[in-house]
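The values are calculated or read from the model by the stated rules, or taken from the named source; none is laboratory data. Remember, it's a predicted structure, so these values are computed and weren't measured experimentally. Please note: Cβ atoms are built from the backbone with ideal geometry, for glycine as well, and neighbour counts cover all protein chains shown.
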Amino acid sequence: MTTTLVDLDLFTDLRRFGAADVSACFTCGTCTATCPLSDDAAAFPRQLIRYAEVGLKDDLLGSKELWVCYHCGLCSETCPTQADPAEFMATARRYAVASYDPSGLARILFTRPVLASVIATVVAAFLAAFMYSAHGPQESSSLDLFRFIPDQLIHWIGIAVMVVMALAGLVGLVRMTGQVARREQVGLRDVFGSRPALRRTLSAAWSAIAVESLGQRRYRADCGADDPPEPLYRRRWLVHALTIWGFLGLLVATVLDWGLALLRIKETGTPIPVWYPSRLIGTIAGISLMYGVTMFMVARVRRTGTSYQVSTAADWLLLVLLWLTGATGFLIEAALYLPAAPGWGYWMFLFHVAVAMELMLLLPFTKFAHAIYRPLGLFFYARAKAHVHTA
């Protein structure tokens with residue numbers, strides 16, 4: 001016999017994370033019936049709303065359905081009582097990210113916007129001041145932009161940031177895996193216990209990471225199928241995909257540039273032709289990221305569409321950090337290719353590195369954590385979907 005724990009404060013706590021007032025909901029099921037992504041393997045949002053209303057915290061946090069939803073807003077458009085189930089799903093995801101984080105930092109960043117702004121400013125300022133304390137001279141060569149802050153210092157700070165990010169992300173993933181696996185009744189033997197189980201696991205992982213997270217298949221084909229007729233360049237799935245691909249592309253370009261320097265093919269920051277892999281990938285990825293993030297920001301300012309009606313400070317924190325990282329990167333590239341290094345280029349380089357480091361450091365604690373948790377949720381969904389088809 002299993003014991004179900006009820007958290008009477010769950011709904012009150014959820015409301016601290018956004019506009020999650022679904023008190024008007026009378027569980028008619030219209031939201032679930034109209035959602036293009038809801039199916040036998042993942043039925044939502046009505047079921048998750050009921051979890052929140054009756055205090056089933058473990059069931060809510062163990063719901064893979066939280067991450068199958070792409071917040072298209074169709075459920076809110078068709079809700080007869082205007083309970084806004086789409087915003088509830090977004091709020092529940094913020095709550096889940098904070099719950100998977102044992103440090104409490106994610107909760108602060110999501111629920112205390114003033115303090116979150118202070119933390120973001122202090123972290124960037126500390127990183128910049130720490131690196132500036134070891135700065136070199138400002139000379140006329142554009143290469144000195146990258147000698148202004150010692151390479152080794154940036155390298156080791158970057159390693160430290162990546163370690164913190166990886167450990168925080170891993171802790172969150174383990175906690176989420178435990179929650180979802182218990183609810184889905186999936187054990188290690190079901191995942192790795194036999195060759196058929198391993199094949200199902202690899203197939204689900206491919207579907208979650210390559211097909212859905214990178215390929216945006218269901219977001220593109222199902223979630224966006226009922227969009228109003230808009231130009232392709234404004235489609236939410238495309239803007240979302242370009243933002244993801246842009247960020248990953250910049251990460252690949254950075255690793256390639258570091259690899260070329262390690263192999264002594266080029267020095268860090270040396271001007272290279274546009275057809276060099278690291279520069280070509282970085283330029284295309286930077287344009288992709290800037291376009292995606294800018295379109296998201298414009299949509300939130302204009303509130304174009306149901307999914308952009310509510311914007312939290314956490315939404316803007318992520319968008320601003322991404323935009324500043326991309327914009328300052330292009331400004332540094334412009335300074336690098338000038339005949340002589342401009343004075344502002346040194347400070348732009350310092351600002352860019354500090355913001356990029358902060359973006360990675362805060363990844364597991366901000367809305368950016370979707371990049372960690374959504375693929376795992378989609379993995380469990382792909383397993384459930386395969387089970388439904390074979391049952």
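When every residue of the stretch 217-230 is checked against the conditions, none turns out to be surrounded by fewer than 13 Cβ atoms within 10 Å (Cβ to Cβ), within 18 Å of the chain's Cα centre (by Cα) and aliphatic (A, V, I, L, M). Check whether at least one residue in the stretch 197-205 is under 21 Å from CYS69 (Cβ atoms), basic (Lys, Arg), at pLDDT below 95 and surrounded by 12 or more Cβ atoms within 10 Å (Cβ to Cβ), and report yes or no. No, the stretch 197-205 contains no residue that is under 21 Å from CYS69 (Cβ atoms), basic (Lys, Arg), at pLDDT below 95 and surrounded by 12 or more Cβ atoms within 10 Å (Cβ to Cβ). Just one of the listed residues (ARG147, ARG182) is among the basic types (Lys, Arg) and either surrounded by fewer than 17 Cβ atoms within 10 Å (Cβ to Cβ) or under 17 Å from the mean Cα position of the chain (by Cα) (or both), namely ARG182.
Exactly one residue out of ARG16, ARG50 is farther than 21 Å from SER307 by Cα, at pLDDT 90 or above and surrounded by fewer than 23 Cβ atoms within 10 Å (Cβ to Cβ), and it is ARG50.
Within the stretch 77-116, the set of residues being surrounded by fewer than 23 Cβ atoms within 10 Å (Cβ to Cβ), assigned to a helix (DSSP H, G or I) and more than 19 Å from the chain's Cα centre (by Cα) comprises GLU77, THR78, VAL114, LEU115. Given the criteria outside the structural domain of ALA181 (by TED's automatic domain parsing), part of a loop (DSSP other than H, G, I, E, B) and acidic (Asp, Glu), does ASP58 qualify? Against the criterion (outside the structural domain of ALA181 (by TED's automatic domain parsing), part of a loop (DSSP other than H, G, I, E, B) and acidic (Asp, Glu)), ASP58 does not qualify.
The number of residues in the stretch 336-347 being surrounded by fewer than 19 Cβ atoms within 10 Å (Cβ to Cβ) and within 19 Å of TYR132 (Cα to Cα) comes to 4.
Restricting the stretch 131-144 to residues that are within 16 Å of PHE351 (Cβ to Cβ) and surrounded by 14 or more Cβ atoms within 10 Å (Cβ to Cβ) leaves a set whose member that is modelled with the lowest pLDDT is GLN138. Screening ALA124, ALA96, ALA129 for residues that are in contact (Cβ under 8 Å) with a residue 60 or more places away in the chain, assigned by TED's automatic domain parsing to the domain that holds GLY172 and of a type outside the set (D, E, K, R) leaves exactly one candidate, ALA124.
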